[in-house]
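J.: Below is a structure I'd like to ask you about.
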Amino acid sequence: MGFSEYFPISGKLSDAERKKLESSAVLKKISKGSVISGVSGECTGLILVKSGRLRAYINSDQGREVTLYHLLERDFCLFSASCIMKSVQFDVFISAVADSEIWVIPAEIYKEMMSRSAVLANYTAEIMGMRFTDVMWLVEQILWKSFDRRLASFLCDEAEAESTDRLKMTHEQIAANLGSAREVVTRMLKYFQEEGLVSVYRGMIEITDKKRLASLAES
């Protein structure tokens, strides 16, 4: 399937608008671990995910990563083209969690089309609202949810996303996703292991009691 089949509102655009978007979009293959967007002053373009999984995150002043949200098949990313959003005054990094295929739409072309198409402008505003909701949910988790529940929730979500209970992740990677320190993750995983919830190996976490882990996440 081509670009139009993946872009959520293709059916609402005019033939000319649909063709212009499709002709301007460049399909790229991205290797796991690659940073696609986020270098200061760089405007990558807007991203539509064909396959794989991406992660959007920011860096704190201390160099700690905080994951904002993940992007899956058919998800559309605006923050990779923050140059067209003057109100965005911070760098959002986009990296590939798995080998991925993405379409990249040049920012200036999208901006020009958005100024002429109410459908595209409304869709863009809707996506911005959804991402704002994601970020507010994250803030709520960090401020009000204890770390054991956050970690349990993260492990359950990753297991569901990857369709496996054996997660190939280091403590550093988990800490980056949760905006925490590696030492904190290590201590909590050790506690989870003592409680029989997980087994911890080098570079991998195996969930051994998903029911209890999910119960902790929801408590």
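J.: Any residue at all in the range 38-53 that's exposed (fewer than 14 other Cβ atoms within 10 Å of the Cβ) and of a type in the set (S, T, N, Q)?
T.: yes
J.: Right, here's the next one. Would you confirm whether or not the range 61-74 contains a residue that is under 24 Å from Met1 (Cβ atoms), out of contact with any Lys or Arg (no Cβ under 6 Å at 6 or more places or on another chain) and of a type in the set (Gly, Ala, Ser)?
T.: Within the range 61-74, none of the residues are under 24 Å from Met1 (Cβ atoms), out of contact with any Lys or Arg (no Cβ under 6 Å at 6 or more places or on another chain) and of a type in the set (Gly, Ala, Ser).
J.: Ile174 is checked against (1) in the same structural domain as Ile9 (by TED's automatic domain parsing); (2) touching a helix residue (DSSP H, G or I) at 6+ places or on another chain (Cβ under 7 Å); (3) free of Cβ contacts under 8 Å to residues at least 40 places away in the same chain and fails just one. What number does that condition carry?
T.: Failing condition for Ile174: (1).
J.: Another question, then. Filter the range 181-219 down to residues that are without any contact (Cβ under 8 Å) to a residue 60 or more places away in the chain and either outside any helix (DSSP H, G or I) or in contact with a Pro (Cβ under 6 Å, 6 or more places away or on another chain) (or both), then give me how many there are.
T.: Here the count works out to 15.
J.: Right, here's the next one. Restricting to the range 54-83, and then to whatever is without any contact (Cβ under 8 Å) to a residue 60 or more places away in the chain and of a type in the set (Ser, Thr, Tyr), can you tell me which residue is surrounded by the fewest Cβ atoms within 10 Å (Cβ to Cβ)?
T.: Ser82
J.: Condition (residue is within 19 Å of Ile9 (Cα to Cα), of a type in the set (Asp, Glu), crowded, with 16+ Cβ neighbours inside 10 Å and without any contact (Cβ under 8 Å) to a residue 60 or more places away in the chain) applied to the range 100-113: is it met by at least one residue?
T.: Within the range 100-113, not a single residue is within 19 Å of Ile9 (Cα to Cα), of a type in the set (Asp, Glu), crowded, with 16+ Cβ neighbours inside 10 Å and without any contact (Cβ under 8 Å) to a residue 60 or more places away in the chain.
J.: Look through Arg131, Arg116 and report the one residue that is modelled with pLDDT under 90, among the basic types (Lys, Arg) and on the phi < 0 side of the Ramachandran plot. Working first, answer last.
T.: Details: Arg116 fails: modelled with pLDDT under 90.
It is Arg131.
Residue by residue, here is whether (1) touching a Cys at 6+ places or on another chain (Cβ under 9 Å); (2) within 16 Å of Phe76 (Cα to Cα) holds:
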position: Met1; (1), (2): no, no
position: Glu5; (1), (2): no, yes
position: Ile9; (1), (2): no, yes
position: Lys19; (1), (2): no, no
position: Ala25; (1), (2): no, yes
position: Lys28; (1), (2): no, yes
position: Ser37; (1), (2): yes, yes
position: Cys43; (1), (2): yes, yes
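The values are calculated or read from the model by the stated rules, or taken from the named source; none is laboratory data. On a predicted model such as this, the values are computed, not experimentally measured, just so you know. For neighbour counting, all protein chains shown are included, and Cβ atoms are generated from backbone atoms with ideal geometry for every residue, glycine included.
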